[in-house]
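This report refers to the structure that appears directly beneath it.
Computed from the coordinates by the stated procedures, all read-outs in this text should not be read as laboratory data. Note that the coordinates shown come from a computational prediction; the quantities given were computed from them, not determined experimentally. Note that each Cβ is placed from the backbone with ideal geometry, even for glycine, and that neighbours are counted across all protein chains shown.
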Amino acid sequence: MSELVRRFWREVTRRGLVGYLRMDLYRAFVTPVFPLAVLGMTWMLLMSVNHQVHEPGVDVAYLHMVSQSSAFNDVFYVLAALPFAAAFCLDWNHQFLKPLLVRSSGVPYAISKIVTCALSGFVTIALGQLFFVWVLRMRMALVNPKGPAFLSTVQFTHGSLLTEGHFVLYFVIHIVGMSLGAAFYALLALLVSSRFQNVFVVLASPMILAVTFRTLSDTVFAWVPSWATPSVVLIGRSVLERQGVPLPGWSFVYEVLVFWLICIPLGLLIMRQLKRRMAYG
């Protein structure tokens, strides 16, 4: 095992992983597409609560809860894929791969694509939600325990944190949970790009797959506890309980562990598919 690890480390370090990461991170974040995706996320969240912003007594926590159930949710994953999920398609269609692979193998190239795609998907959705919270915070309280909307908010996922005064932690858990799901769908889009070199197909695939997973959760996985169904896990709303008492901290740890347990084999599959595509065309 140690020899395999050493060989893998030599493969990714001696053959340009750092250079690929530097190039891909620049492509993902230092382009007009990234801020447009972030602002698009913020705008769609604001549009989803536009009809309730002016209601008396509402706060940011309540409007954030409403936005999590909006009709735009599936489109959010398209925004997560927008900065980088189609990078392999662009490299393939513009024949950038040949000069790249002359200097290196496909392993560091694939690893760089996987890491950058997941990171850009996560950051896009996280920043979009943070800007949404910031814009609303300029007009209203973050949490208003005496407001009429507070009772509805505390009944939402991890609402017990609000009753205990952990306002920031409540938002962190929700934002990170949804952003992890977005990173997963961005990786799925990258996997799709290893089979289809059509940019529009790749960018539309997260929304199609999100609808598919939700349908499966309502049918095939109907017998599974709600906290374990794909549609719940992938949007960060799993709620673990002990004797009927919610455990937000453990629920968050569970969400993170599930993300890694799913994304590590998914990343290996993507690496295999990209290497095969580059080797055989």
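Structure notes:
- Legend: calculated FRET efficiency, Val135 to Gln95, from the Cβ-Cβ distance at R0 = 45 Å, rounded to 0.05, equals 0.60.
- Straightening the chain between Val115 and Lys275 buys 56.0 nm, computed as 0.36 nm per residue apart minus the Cα-Cα spacing.
- Sparsely packed trypsin sites (Lys or Arg not before Pro) within the stretch 130-202, loop by DSSP, other Cβ within 10 Å at most 12: Arg139, Lys146, Arg195
- Sequence-separation-based contact order of the chain, relative, with Cα cut under 8 Å and 6+ spacing, percent: 24
- Alpha carbon centroid spacing (whole Å) that separates the stretch 142-187 from the stretch 209-279: 19
- Going by neighbour counts of Cβ atoms within 10 Å, the residues Tyr26, Tyr109, Tyr20 line up, fewest first, as Tyr26, Tyr20, Tyr109.
- Helices in the chain that qualify as membrane-span-like (whole DSSP H runs, Cα extent of at least 24 Å along the helix axis, mean Kyte-Doolittle hydropathy of 0.0 or higher) are 106-137, 167-193, 199-218, 248-280.
- Extreme residue, positive dipole direction of the chain, given options Val18, Phe252, Ser67 (C-beta unit charges): Val18
- Stretch gain in nm, segment Arg195-Glu164, where the contour uses 0.36 nm per residue and the Cα spacing is subtracted: 6.3 nm
- Computed from the Cβ-Cβ distance with R0 of 25 Å, the FRET efficiency linking Gln52 to Val211 stands at 0.50.
- A P(r) calculated from all alpha carbon pairs of the chain, with 10 Å bins opening at zero, reads 7, 27, 31, 22, 11, 3, 0 percent.
- Cleavage-rule hits (chymotrypsin sites (Phe, Trp or Tyr not before Pro)) in the stretch 202-281: DSSP loop, at most 11 neighbouring Cβ within 10 angstrom: Trp223
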